[in-house]
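Written below as structure tokens is the structure these notes are about.
Please treat every number below as a calculation from the coordinates, not as lab data. The structure presented is a predicted model; accordingly, all values stated were derived computationally and were not measured. Glycine gets a Cβ as well: all are built from the backbone with ideal geometry, and neighbour counts include every protein chain shown.
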Amino acid sequence: MEALTVDAAFLAELRRDLHAHPELRFEEHRTSALVAEHLRHLGYTPHTGLARTGVVATLDTGIAGPAIMLRADMDALPVSEAGQAPWASCTPGVMHACGHDGHTTMLLGAAALLKADPPPRGRVHFVFQPAEEGGAGAQVMIDEGLFDLFPTDYCFGLHNWPGLEAGRMGVRSGPIMAGGWRFAIQITGKGSHAAQPHLGTDPLTIGAALVQEAQLLVARRTDPTIPAVVSFCVFDAGTTDNILPETARLAGTLRALDPVVLDELKDGLQRLCNGLQMAHGVNIQVNFHQPYPVTVNEHHATQLARKAMHALDVQMGGPAPDMDITPSLASEDFGFMLQKKPGAYAMIGNGESYKLHSPDYDFDDSIITRGVRYWHTLAHTCAAQEHAP
Ligand SMILES: [Zn+2]
Ligand SMILES: [Zn+2]
């Protein structure tokens, strides 16, 4: 174990190259080609083209044992980078604002380290997934046969986490990321003079009431012990200050750590829209889209992740892992994989950086080595289980 090293300088270079060349969901062509080329160089035979740009490589020890899947996401976001680092995005309006450049790099590092020091039995599938950001790339990979082509006992995911001490790892059993729905609402009323509101049907005031009342869904309609959130992020209405508009457009998202609560929020918002429509004589169209399931960590897989984090802590020192980390109301399409297979999604601290999706965000290269070694230790931990699943 001591002899094993992670080439941190090489991986930081690689990460910065990926950062400089971000690609949006399902368009990760350069990234995907670079990943496949690197895997071939390491001696793997990568499977390409799954969910368009997805790449999967397998390390097969040839000895019966657990098969595990380690997953990284590859896509960037439609954000204009504000940072001025030499490796800042070369593509206007596109940026690695969620650190998927770092995730891809850490998994490539793990593919190298595990090639040099493979687990004693079983198989490790390295999954490089497209379109985590709003494209449900994980579901598309599953639909295109991910688990048939690469039979697997456990799935593991890893995301960097701003605000958590750099390199500190965290996991929890049960829900770790929220399930969610996006919604778009169109309110159509009747325009009128600002001084004669009674001659029209004002969609703006009704929209404002909707935004307010929707908060009562969380406050009064769902179990207060289960975290949930309703956020309106778009409210677009009117053109000038003395005309009441004809239409209002609202959009936002519902999140909860429990699928039942998520359903209640969705039904509640629909009912609220129906009620306001009836009460005020407007037409309200609601469109729910982009459902993401709750990301639920399975208990035994979580124990394996905890065991690996503990072993890593003993080997490397540094910030002690948080074995019962606070869940987040952000969403993650890894939840689709955990609907099919037991597994665990973990966090690695990105330090006091800007938040995920911020135009100033950057992945902290100093955490790459720990991320690589987590994957490596986890693969060995899974192989060392007394009973294969
Ligand atoms: Zn993100
Ligand atoms: Zn992300």
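See the values below:
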| item | result |
| --- | --- |
| Fewest-first sequence of 188, 239, 377, 369 by Cβ atoms within 10 Å of each Cβ | 239, 188, 369, 377 |
| Degrees separating the helix 299-316 axis from the principal Cα axis of the chain, which is the longest one | 60 degrees |
| Normalised contact order of the range 57-174, rounded percent, pairs of Cα under 8 Å and 6 or more residues apart | 41 percent |
| Å³ per residue enclosed by the Cα convex hull of the range 244-305 | 94 Å³ |
| Assigned charges on the beta-carbon of Lys, Arg, Asp, Glu; the chain dipole about Cα centre (debye) | 560 debye |
| Cβ-defined net charge surrounding residue 155, 11 Å radius [Lys, Arg +1; Asp, Glu -1] | +1 |
| Extent along principal axes [Cα atoms of the range 178-291; Å; largest to smallest] | 46, 23, 19 |
| DSSP-defined beta bridges in the chain - what % are antiparallel, rounded to 5 | 70 percent |
| Rg/Rh ratio calculated on Cα atoms of the chain (Kirkwood radius) | 1.04 |
| Rounded tilt (10° steps) of 100-116 against the dominant C-alpha axis of the chain | 20 degrees |
| Average Cα contact separation per residue, the range 226-355, under 8 Å, 6 or more apart, as relative contact order % | 23 percent |
| The chain, relative contact order [Cα under 8 Å, separation at least 6], % | 24 percent |
| Extended-chain gain in nm, criterion 0.36 nm per residue less alpha-carbon gap, residue 358 and residue 339 | 3.9 nm |
| Most mobile listed residue (260, 296, 372) in the chain, GNM with C-alpha springs under 10 Å | 260 |
| Electrostatic dipole magnitude of the range 178-291 [Cβ: Lys, Arg +1; Asp, Glu -1; Cα centre; debye, to 20] | 80 debye |
| Stretch in the chain that is longest and holds no GluC sites (Glu not before Pro) that DSSP places in a loop and that have at most 15 other beta carbons within 10 Å | 145-351 |
